[in-house]
């Protein structure tokens with residue numbers, strides 16, 4: 001018989017460990033059986049010889065089992081890891097970051113009104129024909145330059161401010177995208193933990209019901225119970241199958257949302273497994289101070305206020321057409337060869353004689369616009385008023401929103417405490433009834449009622465914890481605390 005050596009790398013996953021241990025026990029049993037069948041002298045000789053290889057294989061197997069017991073799945077992720085990965089790789093956040101570059105370009109366009117405009121040209125060609133004192137064909141080339149500078153324009157100050165606001169708008173839009181994506185992935189993380197725990201509770205309940213099925217089957221075969229009790233237990237156990245499948249599908253949906261937010265391709269990598277369990281931590285809030293802080297911290301409020309400022313500057317830029325605009329212009333001509341005719345000249349006295357520089361200043365004033373400027377100003381004013389109303393509405397809703405969330409926090413805490421007591425009592429009652437049912441002291445209906453009550457209270461306790469965690473996440477969003485999450489995560493890394 002060939003001897004097999006079990007290496008550390010060949011240890012199967014944790015779920016296959018009972019098979020490994022069983023094989024090990026079977027092999028030891030076979031060795032003992034063969035040893036017992038040997039003659040006494042040979043058996044004593046084998047007992048005196050230390051089996052080093054056998055001991056070494058046992059030691060490596062023990063180490064491998066301990067390593068598998070304490071190993072964590074490679075795809076397990078914590079909440080902080082999920083938030084940090086979302087902040088770095090989320091497609092919506094990356095798109096908002098690219099908007100910063102676009103805003104910087106728009107800022108340059110708006111500020112270009114204050115900078116001078118310089119143009120250079122080198123006309124060249126040939127001229128021919130017959131004119132007094134001239135004959136033949138001549139080539140020519142000259143240099144021309146134009147320098148234009150705005151001297152006065154009522155739209156310059158608002159254009160400069162509007163360019164700065166454009167960059168601020170892009171930054172706050174990025175902040176809003178960050179808050180939305182971090183909040184969504186946090187809710188998905190809590191949902192994954194909740195559905196996984198819910199599936200575990202229902203599977204544990206189904207295990208108990210299947211034990212009852214086996215008990216009722218044995219009692220029926222022994223003639224201690226009728227067939228209806230066995231059928232009722234079977235139906236009750238099968239009722240949990242669709243609920244478990246529903247919880248599992250819900251868990252997979254939450255995993256897909258996590259993968260989408262973290263920019264993980266399910267075809268190339270495994271879905272993230274959330275690490276930990278839902279816990280309820282009591283929370284006490286100060287509504288007045290949190291409302292004042294939220295008015296200063298919330299990114300959507302800052303964005304709404306910037307939209308009001310941007311609409312105000314847009315109105316001023318449009319209204320600048322009511323006022324005159326003054327420009328300064330300098331034109332220069334460089335002629336390396338004399339005798340070049342000016343276009344439209346009728347005699348040599350009008351031709352270019354040498355290089356020249358001409359300075360000019362002029363202004364334009366749109367006196368009558370037939371309502372073009374006035375209509376644009378009214379349209380911009382309407383947009384500004386709409387933005388102001390939206391901003392005031394957001395500010396007014398903050399206290400009401402925080403009050404609602406604070407009430408949800410308090411309600412879920414009270415509900416969790418009451419359900420914790422009820423769940424313990426229902427669990428104990430279900431255990432007692434299960435023992436009595438195995439002895440035939442209670443009816444299957446009573447067992448069914450107690451098991452349903454135990455499942456309902458356990459699920460309700462888990463739901464209360466889940467709703468409390470959702471309320472905490474909503475509180476952090478409503479008070480503008482998500483940037484603290486990203487900062488803490490960056491420091492921890």
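The values are calculated or read from the model by the stated rules, or taken from the named source; none is laboratory data. If you're wondering where the values come from, they're calculated on a predicted model, not measured in any experiment. Cβ coordinates were reconstructed from backbone atoms using ideal geometry, including for glycine residues, and neighbour counts include every protein chain displayed.
Overview of values
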| read-out | value |
| --- | --- |
| Residue 418 being out of contact with any strand residue (DSSP E or B) (no Cβ under 6 Å at 6 or more places or on another chain), more than 22 Å from residue 203 (Cβ to Cβ), part of a helix (DSSP H, G or I) and not assigned by TED's automatic domain parsing to the domain that holds residue 278 | no |
| Test: residue in the stretch 456-465 that is more than 22 Å from residue 232 (Cβ to Cβ), part of a helix (DSSP H, G or I), free of Cβ contacts under 8 Å to residues at least 24 places away in the same chain and assigned by TED's automatic domain parsing to the domain that holds residue 176 | no |
| Filter result (on the phi < 0 side of the Ramachandran plot and at pLDDT 80 or above) within the stretch 364-381 | 364, 365, 372, 373, 374, 375, 376, 377, 378, 379, 380, 381 |
| Some residue of the stretch 192-201 being in contact (Cβ under 8 Å) with a residue 60 or more places away in the chain and farther than 18 Å from residue 466 by Cβ | no |
| Qualifying residues in the stretch 428-448 (those that are surrounded by 15 or more Cβ atoms within 10 Å (Cβ to Cβ) and closer than 22 Å to residue 415 by Cα) - the one modelled with the lowest pLDDT | 430 |
| Options 105, 125: the member that is without any contact (Cβ under 8 Å) to a residue 12 or more places away in the chain and over 27 Å from residue 360 (Cα atoms) | 105 |
| Search result, residues across the stretch 407-438 that are closer than 25 Å to residue 298 by Cα and in contact with a helix residue (DSSP H, G or I) (Cβ under 6 Å, 6 or more places away or on another chain) | 408, 409 |
| Residue 163 part of a helix (DSSP H, G or I), in contact (Cβ under 8 Å) with a residue 12 or more places away in the chain and crowded, with 20+ Cβ neighbours inside 10 Å | yes |
| Residues that are in contact with a helix residue (DSSP H, G or I) (Cβ under 6 Å, 6 or more places away or on another chain) and farther than 30 Å from residue 470 by Cα, drawn from the stretch 161-188 | 161, 162, 163, 165, 166, 167, 168 |
| Matching entry among 177, 192 (being part of a helix (DSSP H, G or I), farther than 30 Å from residue 107 by Cβ and either under 17 Å from the mean Cα position of the chain (by Cα) or not assigned by TED's automatic domain parsing to the domain that holds residue 473 (or both)) | 192 |
| Looking only at the stretch 451-479, and only at residues there that are farther than 20 Å from residue 282 by Cα and surrounded by 20 or more Cβ atoms within 10 Å (Cβ to Cβ), the one that is modelled with the highest pLDDT | 457 |
